[in-house]
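Everything on this sheet refers to the single structure shown next.
Values in this text are rule-based calculations from the coordinates and carry no lab data. Here the structure is a predicted model, which means the values were calculated and not measured. Backbone-built Cβ (ideal geometry, glycine too); neighbour counts: all protein chains shown.
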Amino acid sequence: MALHDPAEAGRAALESWRDDAGANAFTGDPAFRALLERVLGPDPTRDARLEAVAAAAGPELDALVTEDNRDEHLPVVRRHDSFGRPLEQVVFHPAHHEIGRVFWQSGVLAELAEPGSETLAGAIAYLLDRHGEAGHACPVACTAGAIKLLQRLGTDDQKARWLPALLDTDYDRRVHAAQFVTEVQGGSDVGANSCVATPEPGRPGMYRISGEKWFCSVADATLFVVSARLAGGPEGTRGLGLFMLPREIDGRPNGFVLRRLKWKLGTRSMPTGEIEFSGALGEAIGPLGNGFRNLVGIVLDTSRVHNALAACGLMRRAFDEAASFARRREAFGQPIAGFPSVQELLARMKVRTLAALGSTFRILAMSDRLDTGGGDEGLLAARRVAVMVNKYWTAIQSTRSARDAIEVLGGNGTIEDFSCLPRLYRDAIVIESWEGTHNTLCAQILRDMATRGMHRGWLAAARAEIDSLGHPGVAAQAEIARGLLDDVSRRIDRLLAASPEEAGARVRHVVDRMARLTDWLGLAVQRHWEIVNRRDGDTEDALALYRLAWLERADPDDRPEMAALHARLAAGP
Ligand SMILES: Cc1cc2nc3c(=O)[nH]c(=O)nc-3n(C[C@H](O)[C@H](O)[C@H](O)COP(=O)(O)OP(=O)(O)OC[C@H]3O[C@@H](n4cnc5c(N)ncnc54)[C@H](O)[C@@H]3O)c2cc1C
């Protein structure tokens, strides 16, 4: 190499941005640490544990995730053994299993053994989800749903048989779950499910399941949670039950054929199959007539919170990648982080992340209160509505952040082995659609408000939080929150008085405002805590930018102070 070879110098400079990649995802994320301290209180032992989780999920794990997601390493189906007997197995690259050991050993599922541990388990998931490794994030979400289903509805016998292995931290002997609901005739319209469950003669509680499932993620799971229509039962969602099917019985596939794995846009290291059941043996879980209610209220509810955690992890990672690149990459003789337009992108990414963390951990705190007996029907309703609003909103924000991060990296941002951003972008689009598409979630929120009055609990929870903003240092923010609450409350009343057609046309716009209020509240509550506890942080600036950019839709041309906000927010960790 020539001594002053500009290409080599440029290559070295370009590579130097990876130097920041070793930063610990927990200690290097002071805003998240402060959020957790507000929600859970100070606890050095917990912090040390999360630091260790983040260290285990550091750059080495990143390298494994990259390997796991290479085209040539994606999972494949092995349908038969060498003697022609059915296997219906999914075969993974070895990196996949190494990553899985880190995920399971973190205790992200084991924590769920005790009530009141959702926030801590969520914190672990957030740290793990920064890699965009859906290959394990999705199984963790599905397994968490199965654990909740069993804890709430399982018989003593079912709990004893399944829970210890579902909660195990040992990846190699774990049971991990999948949830199969969607059929080819429609995913959103679950009432159109046509898989049939026929009682097994002489074995009460046992059923034979037959029919097709069209989207079967975690196709390698050891336990399938499946929705099916009781033979001869009513049509629509009322006729659906929930069943648990072991993957194998006596070492053989339990009455199913794994037709193929789907060729997907994102979440590619996670196998999503098409599965045909013909007389698979399963046991009912929970009352059969309540299958749909339990599916939405427990299984999908859990996945939707995990979806939001994945969105948060993805957004934070996208910010970290873009910010560290911008600080190192030079153009026109200066680091690109110095350009105001780059600062604007970074600042918006950061504020979206802070808002999403606030709204997601608000829900986890509600879960912990409810699980430990500290809640009532109102809180239950508030949480249920909040979960759906939050899944919808955080998924959209994560796509925006992943795309913005790619813009900051320029052409390099589109290259698969330059950074994780292409993978994050693809995954973000997938997490927008599974566990309820946007319109489906909005339609469910409308139904919950119209038929069960759940908005009352949601509004009351928001009002109580606004009332808790007692420090004069957040009086202005509390006033804005009150205005947003009054506005959204009026709009919900109008929505519920409208015809079904009008309500259908408007609901998404009302849900957008519900999301904006929740974002604002999360940031304001955090700022209140910072003032009371004399802490520094970005939250005051985040609130200022959120107000200007998204509540007032201000034009930086008219509000020159926005540039300084962008610069400060982009510069911080
Ligand atoms: C990678 C991947 C993995 C998946 N894994 C699983 C899995 O493991 N298990 C599982 O059960 N499912 C899984 N799904 C399916 C996913 O949950 C469905 O895709 C989703 O529920 C939507 O169903 P659909 O694709 O049939 O879309 P459709 O229901 O056909 O919807 C198409 C469009 O119509 C809109 N729409 C539908 N109904 C209404 C309405 N009432 N009002 C307004 N708009 C409406 C939707 O919002 C959407 O935009 C997976 C999906 C993907 C992409």
Over all pairs of different Cα atoms in the stretch 122-198, the reciprocal of the mean inverse distance gives a Kirkwood radius in Å of 14.6 Å
With only alpha-carbon atoms counted, please give the Rg and Dmax of the stretch 198-301, in Å.
-> 14.0, 46
Work out from phi, with θ = phi - 60° and the Karplus expression 6.51 cos²θ - 1.76 cosθ + 1.60, the ³J(HN,Hα) of each residue of the stretch 368-376, listed in order in whole Hz, and give x for Gly and Pro.
-> 5, 5, 5, 5, 9, x, x, x, 9
Ranked output for segments 502-511, 458-467 by mean other Cβ atoms within 10 Å, highest leading, reads 458-467, 502-511
Taking amide H positions as placed in the peptide plane 1.01 Å from N, state which residues far from GLU183 in sequence (5 or more) or on other chains have amide H under 5 Å from it.
-> TRP214
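Take the Cα gyration tensor of the stretch 314-456, multiply each eigenvalue by 5, square-root it, and list the three semi-axes largest first, rounded to whole angstrom.
37, 16, 12
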Cα gyration tensor of the stretch 51-191 - equivalent ellipsoid semi-axes, whole Å, descending = 24, 23, 16
Counting only pairs 8 or more places apart or on different chains, how many lysine pairs in the chain have C-alpha atoms closer than 22 Å?
-> 6
Taking 0.36 nm per residue of separation between GLU200 and ILE415 and subtracting their Cα-Cα distance, the length gained on full extension comes to 72.1 nm
Calculate how large, on average over all directions, the projected area of the Cα convex hull of the stretch 129-246 is; give the answer in nm² to one decimal.
-> 8.5 nm²
Computed P(r) (all Cα pairs; the chain; 20 Å bins; percent) = 21, 54, 23, 2, 0
In square nanometres, what is the average projected area of the Cα convex hull of the stretch 239-365?
-> 12.6 nm²
Non-local residues with an amide H under 5 Å from the amide H of ALA280, with H modelled 1.01 Å from N and Pro and chain starts lacking one, are ILE209
Environment charge of ALA280, counting only residues whose C-beta is closer than 13 Å and scoring Lys/Arg +1, Asp/Glu -1 = -2
Linear extension gain, ILE429 paired with SER278, 0.36 nm per residue minus alpha-carbon span = 51.1 nm
Helix 421-433 sits off the longest principal axis of the Cα atoms of the chain, rounded to the nearest 10 on a 0 to 90 degree scale, by 50 degrees
Once you have all Cα-Cα distances for the stretch 454-573, histogram them in 10 Å bins from zero and send the whole-percent values.
-> 12, 37, 32, 15, 4, 0
Using a 10 Å cut-off on Cβ atoms, rank the peptides 242-248, 450-456, 332-338 from the highest mean neighbour count down.
-> 242-248, 450-456, 332-338
Would you mind calculating the gained length between ALA564 and ASP536 on full extension (0.36 nm times residue separation, minus the Cα-Cα distance), in nm to one decimal?
-> 8.3 nm
Between the stretch 98-131 and the stretch 412-445, what is the C-alpha centre distance in whole Å?
-> 21 Å
The stretch 388-506 shape via C-alpha gyration tensor axes, a/c threshold 1.5 | oblate
Say R0 is 45 Å: what FRET efficiency, to the nearest 0.05, do ARG238 and ALA165 get from their beta-carbon distance?
-> 0.85
In degrees from 0 to 90, rounded to the nearest 10, what is the angle of the helix 94-105 Cα long axis to the longest principal axis of the chain?
-> 80 degrees
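Of all beta bridges DSSP finds with both residues in the chain, what is the antiparallel percent, to the nearest 5? Could you put the intermediate results ahead of the total?
Values: 37 of 43 bridges.
The answer is about 85 percent antiparallel.
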MRE, 222 nm, helices only [DSSP H, n ≥ 4, -39500 (n - 2.57), over the chain, to nearest 500] = -18000 deg cm²/dmol
Expressed as a whole-number percentage, the relative contact order of the stretch 424-530 with C-alpha contacts under 8 angstrom and at least six residues apart is 33 percent
Paramagnetic reach from VAL257 in the stretch 196-225 [backbone N under 15 Å; point 7 Å along Cα→Cβ] | 210-214
Over the chain, calculate the relative contact order: mean separation of alpha carbon pairs under 8 Å at least 6 apart, over the residue count, as a percent.
-> 14 percent
Measure out, as a whole number of angstrom, how far apart the alpha-carbon centroids of the stretch 175-225 and the stretch 352-384 sit.
-> 30 Å
Dimensions (Å) - the stretch 1-107, Cα atoms, principal axes, largest first | 56, 56, 16
Relative packing of 470-476, 514-520, which averages over residues the other C-beta atoms within 10 Å, highest first = 514-520, 470-476
The stretch 251-297 shape via C-alpha gyration tensor axes, a/c threshold 1.5 | oblate
Using the alpha-carbon atoms, what tilt in degrees (0 to 90, nearest 10) does helix 118-128 show relative to the longest principal axis of the chain?
-> 70 degrees
Among THR119, THR414, which comes first, second and so on when ranked by fewest other beta-carbon atoms within 10 Å?
-> THR414, THR119
Collect residues whose amide H, placed 1.01 Å from N in the peptide plane, falls under 5 Å from the amide H of MET270; neighbours closer than 5 in sequence don't count.
-> GLY135
